[in-house]
Amino acid sequence: MSEELAKKLKPSHSSAPRMYGLPKIHKEGVPLRPITSMIGSPAYGIAAYLTKIISPALGKTEYTVPNSSSFVDELKQLDLNGSEEMMSFDVVSLFTRVPVQEAVDVICDKLAEDDTLFERSEIGVDSIRKLMLACLECRYFLCLGAFYEQKEGAPMGLSLSVVLANAYMEHLEQSILTSATLKPTLWRRYVDDTFILWPHGDEALQEFHQRLNDFCPSIQFTLEREVDQKLPFLDVLVQRSEGRLGTSVYRKATASNVYLKYNSSHPAAMKAGLIRCMEARARRVCSDMSSVKEEKSKIRDVFVANGYPEPFIKRAMRRRDASQTVQGEAAARDQEAYAAVPYVPGLSERIAKVLRPHRIKVAHKSKRLRGHLVNVKDPVEQSKKKGAVYEIKCSCGSSYIGESGRPKQDRLKEHTADIKHGRCDTSATARHFCTCGGDLNPFEARTLAIEPHWKKT
């Protein structure tokens, strides 16, 4: 491992992972999905690096689907013989139940067979294994002021956990499906959700279900069967009709249909983009024009209910020439610079207009009230946050403005040491103290702002 890579991966001034819960409003009792925020933790940077290395070696089996679009395209080519039943096997709490050691072994075996590994990694399989195990030791978290440890599985919130879950599921399904005497006509999986066509009846289904649950004690599957010849998978509703499988957009029963309000303080382009995105999904997911028209009608009704004028919705849904759009936008992006500015109605549009001739594209940042009122994680102490912009005031009226990529308290200790030891040649604060003789106390520094992207130049 090069010195540069080692420096990049070595944790510095890390903070504890923080646990919070997201309510599953579509399930009975509204249970919480536990999420561990790993941002700033010792494992965060290493996990991101490993995920980038490992991901290209996964997802190459015939059983996985990358997204709902490819799933719909595959169903269009499929003919039913009349005996298949649609059903879904879903894993219970996959991330927190995945056998870590076995998943690491599976990944290392795949990497050992990957001839392209050296093109994206300067470290070998043995080093990757050690780094993975080191990351997965970081399973402690802070919640409501107390520290806890996750005893099994991988933290839900660590990027590496997705890789582990996918790798182990590939191993499980390949082992089961290649050895089964009676197997599904079709088995497609996205992370922990599966869609299958089963042609062998109930008795054989129960045996197959038991084989899945016996493969690993911690990985258990639940079974959902089609209802009224319909079954949801991802955001797709699959429906059997005349020996074919038709598809349309799926919405959960708990869907609120509450989107960005028309009178909210957001750019008009963002509101139009939201409509276009949903209309594009309708064309991508729906298998026939009647389903597309029905979905577009639902989209109109949803946005009218959110205060959008019908002419605005109609303009947003109007399709542009795809070939001109793709070619023109790709060429423009190669030559454009970007600037992110807070959105102020009226003013931000004028700023964008002034910058446009200079090929600077403005990205409008809108503030959400929820971000100011709600914080589901344990807060990080202000003095321990990285990227603090701070002001040290002197009694003479002068000020020193500084920024540190480390916690502010660490940087202030250095300012204090510089003043104490009179390091006037290397420290602006010490030089001012020596020449001014005023009252200058770095620990009375005031935080002006926190820059979350302090690494960017």
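The values are calculated or read from the model by the stated rules, or taken from the named source; none is laboratory data. All of these numbers come straight from a predicted model, not from anything done at the bench. Note: ideal-geometry Cβ built from the backbone for every residue, glycine included; neighbour counts use all protein chains shown. Calculation scope for accessible area: heavy atoms of the full protein, side chains included, ligands and nucleic acids excluded. Shrake-Rupley method; radii C 1.70, N 1.55, O 1.52, S 1.80 Å.
Maximal additional length on extending the GLU28-SER395 stretch stands at 125.9 nm, based on 0.36 nm per residue less the C-alpha distance.
For THR426, the solvent-accessible surface computed with a 1.4 Å probe is close to 120 Å², ligands and nucleic acids excluded.
Each of PRO184, VAL163, HIS209 was scored by the projection of its Cα onto the charge dipole of segment 150-308, and the greatest displacement toward the positive side belongs to VAL163; charges sit on the C-beta of Lys, Arg, Asp and Glu.
Amide hydrogen proximity for VAL236: with H placed 1.01 Å from N in the peptide plane, the residues at 5 or more positions away or on another chain lying under 5 Å are TYR250. What the Kirkwood sum gives for segment 31-129 is a hydrodynamic radius of 17.2 Å, with every pair of different alpha carbons counted. Karplus-based coupling profile of segment 271-288, in residue order and whole Hz: 5, 5, x, 5, 5, 4, 4, 6, 5, 5, 5, 4, 5, 7, 9, 6, 8, 9, with θ = phi - 60° in 6.51 cos²θ - 1.76 cosθ + 1.60 and x standing for Gly or Pro.
Listed by chain and number, the lysines placed with their C-alpha closer than 22 angstrom to that of LYS420 are LYS393, LYS408; residues fewer than eight positions away on the same chain are left out. Distance cut-off 18 Å, Cα to Cα: go down the list LYS10/LYS130; LYS261/LYS361; LYS271/LYS296; LYS27/LYS151; LYS24/LYS367; LYS24/LYS252 and report the pairs above it. Listed pairs above 18 Å: LYS261/LYS361; LYS27/LYS151; LYS24/LYS367. How many percent of the accessible area of the chain is carbon or sulfur, using a 1.4 Å probe? Roughly 52 percent of what the probe reaches on the chain is carbon or sulfur. The alpha-carbon atoms of segment 375-423, seen along their principal axes, cover 44, 23, 15 angstrom, with the largest extent given first.
Size check on segment 402-457: the Cα extents along the three principal axes, sorted descending, read 35, 21, 16 Å. Volume per residue for segment 157-223 equals 90 cubic angstrom (convex hull of Cα atoms).
Any idea what log10 I(q)/I(0) is at q = 0.11, 0.13 Å⁻¹ for the chain, Debye with uniform C-alpha scatterers and no solvent? Relative scattering, expressed as log10 I(q)/I(0), comes to -1.23, -1.48. In this structure, the amide hydrogen of TYR140, modeled 1.01 Å from its nitrogen in the peptide plane, lies closer than 5 angstrom to those of GLN150, counting only residues at least 5 positions away or on a different chain.
Computed over the alpha carbons of segment 118-161, Rg followed by Dmax gives 13.7, 44 Å. Take the chain with all the other protein chains still there, run a 1.4 Å probe, and you get 58 Å² of accessible area per residue. Here the 3J(HN,Hα) profile of segment 444-451, calculated from phi with Karplus coefficients 6.51, -1.76 and 1.60 at θ = phi - 60°, is 9, 4, 9, 7, 8, 6, 10, 9 Hz, Gly and Pro shown as x. From its DSSP helices (H runs of at least four residues, each -39,500 (n - 2.57)), the chain gives a residue-normalised ellipticity at 222 nm of -12500 deg cm²/dmol.
Applying the Karplus relation 6.51 cos²θ - 1.76 cosθ + 1.60 with θ = phi - 60° to segment 348-364 yields 3J(HN,Hα) values of 4, 5, 5, 4, 4, 5, 5, 7, 4, x, 8, 6, 10, 9, 9, 9, 7 Hz, where x marks Gly and Pro.
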